[in-house]
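Here the structure is laid out as structure tokens; the discussion comes afterwards.
The values are calculated or read from the model by the stated rules, or taken from the named source; none is laboratory data. Keep in mind that this is a model prediction, so the values were computed, not measured. Cβ placement follows ideal geometry from the backbone for every residue including glycine, while neighbour counts extend to all protein chains displayed.
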Amino acid sequence: MGRKLMNGNQAAALAVKYSRVQVVCAYPITPQTSLVENIAQMWAGGEFPGEYVSVESEYSALSYLIGASYSGARTFTATSCQGLAYMHELLHWAAGARLPIVLVNVNRALGAPWSLEPDQLDSLSQRDTGWIQFYCADVQEIMDTLIFSFRLVEQTRIPCMVVYDGFVLSHTYEVVEPPLQEQVDHFLLSPPSRAAFHTDKPQTIQAVTDSRYLSRVLQERHLSMLKIPGIVKELDHKFQEIFARSYPLAEGTNLETADTVIVAAGSLAQTVKSFLNTVEDRKEKLGLLRLRLFRPLPKDEIASLLSGDNIKKIVVIDRNVSAGVGGIFAQELRALLQGIPYRGKIFEFNLAGGIDLTPAMMEKVLQAISEDPGSEGKIIWGVDLQ
């Protein structure tokens, strides 16, 4: 098909078409709106043969998909901020029912007050709902991760949320290489028709149960989620064979020589990469750890990437805040590192509210932790450095 100039929402919409999704349920919310608009345009022009259903709310959108997924259909929806929060109850239901639904969440700050900035708290607030979460760093990755996710959910029966930054990626154009339809068909195969019910065999689904049975179900869900990193790695090998692209569970840059590692997720990691390219000759050696798979957090991969004796400091960049505790990625990383030999210092740099990261701001952070080692455990707020 050749290279094309596309923004993140266009790439996501095209991935849905290539994946031969059978049911798309749509409710627009900025900055996700143009994603479902692109699918609607393809549907109106006869390019998308699946069902395109407009509903009156995000709650209805996921409710509809739960029914469609129960019937065995390949399903998709997209949302953002308050819309994802409105789906919260049904996120639990879809995960508990082991339904292979794929959802895009375009990060946007939760109100109040109203904001259009790319804060990540909307998706991170749903980290305990039982959904796989991928955080994408560029437009090509958005397209590829969506295609990948349909194969993943149908193999594992665990729903998946593909997450990327509002406006920074959803509306920014980049050069991407769309796949051929034959490549996607080879990777995804046909949608598996695994209906949970049959009209000729009436049954009650997800009925009231006792604590013992529920505990066993929750245990099985947890154990299944622990297998996800290994399954993702296996599927990534197959993806690479077909598309000649590969995506790690967590990505390391310059970690072999770095004494200070910057940890980031989403488009922030691209900014850090660019920053690293401008500071190669500095005395302090810098590296990057990009978090891609967040639920489940790939403990072994992260531990391996941070195992070098050269690493003395870790700076975690969060574009979210759990009030009273701090950034969520920083929390998660501190908890994870309790179980591995790393004993360096962890610093938290917080850009809650969608604050943009600049090279000048990054320099100020590095200077601050160098001059005040006691800032470990404290939050360095980006808004104070502007």
Those residues of the stretch 358-386 which are out of contact with any strand residue (DSSP E or B) (no Cβ under 7 Å at 6 or more places or on another chain) and part of a loop (DSSP other than H, G, I, E, B), in sequence order: Thr358, Asp372, Gly377, Lys378, Leu385, Gln386
Residue under question is Gly130, and the condition is that it be outside the structural domain of Leu333 (by TED's automatic domain parsing), among the small types (Gly, Ala, Ser) and in contact with a His (Cβ under 8 Å, 6 or more places away or on another chain); does it hold? yes
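Among the candidates Ser190, Ser211, Ser215, Ser149, which residue alone is of a type outside the set (A, V, I, L, M) and buried (at least 20 other Cβ atoms within 10 Å of the Cβ)?
Only one candidate qualifies: Ser149.
If only one of Leu99, Leu110 is in a loop (DSSP other than H, G, I, E, B) and in contact with a Leu (Cβ under 7 Å, 6 or more places away or on another chain), which one is it? Talk me through it step by step, then tell me what you get.
Details: Leu99 fails: in contact with a Leu (Cβ under 7 Å, 6 or more places away or on another chain).
Exactly one of Leu99, Leu110 is in a loop (DSSP other than H, G, I, E, B) and in contact with a Leu (Cβ under 7 Å, 6 or more places away or on another chain), namely Leu110.
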Residue that is nearest to Ser307 (Cα to Cα), among those in the stretch 326-381 that are β-branched (Val, Ile, Thr) and more than 22 Å from the chain's Cα centre (by Cα): Ile340
Under 9 Å between Cβ atoms, which residue pairs at least 6 apart in sequence (or on different chains) link something in the stretch 357-382 that is assigned by TED's automatic domain parsing to the domain that holds Gly327 with a partner that is surrounded by fewer than 19 Cβ atoms within 10 Å (Cβ to Cβ) and among the polar types (S, T, N, Q)? Thr358/Gln386; Pro359/Ser274; Pro359/Thr278; Met361/Gln386; Ala368/Ser375; Ile369/Ser375
Quick check on my filter: what residues within the stretch 69-89 are part of a helix (DSSP H, G or I) and crowded, with 21+ Cβ neighbours inside 10 Å? Ser69, Cys81, Gly83, Leu84
Near pairs, Cβ below 7 angstrom, 6+ apart or cross-chain, from the stretch 148-166 (closer than 15 Å to Ala15 by Cα and touching a residue at least 40 places away in the same chain (Cβ under 8 Å)) to any residue that is among the hydroxyl-bearing types (Ser, Thr, Tyr) and outside any helix (DSSP H, G or I): Phe150/Ser19; Val163/Tyr135; Tyr164/Ser170
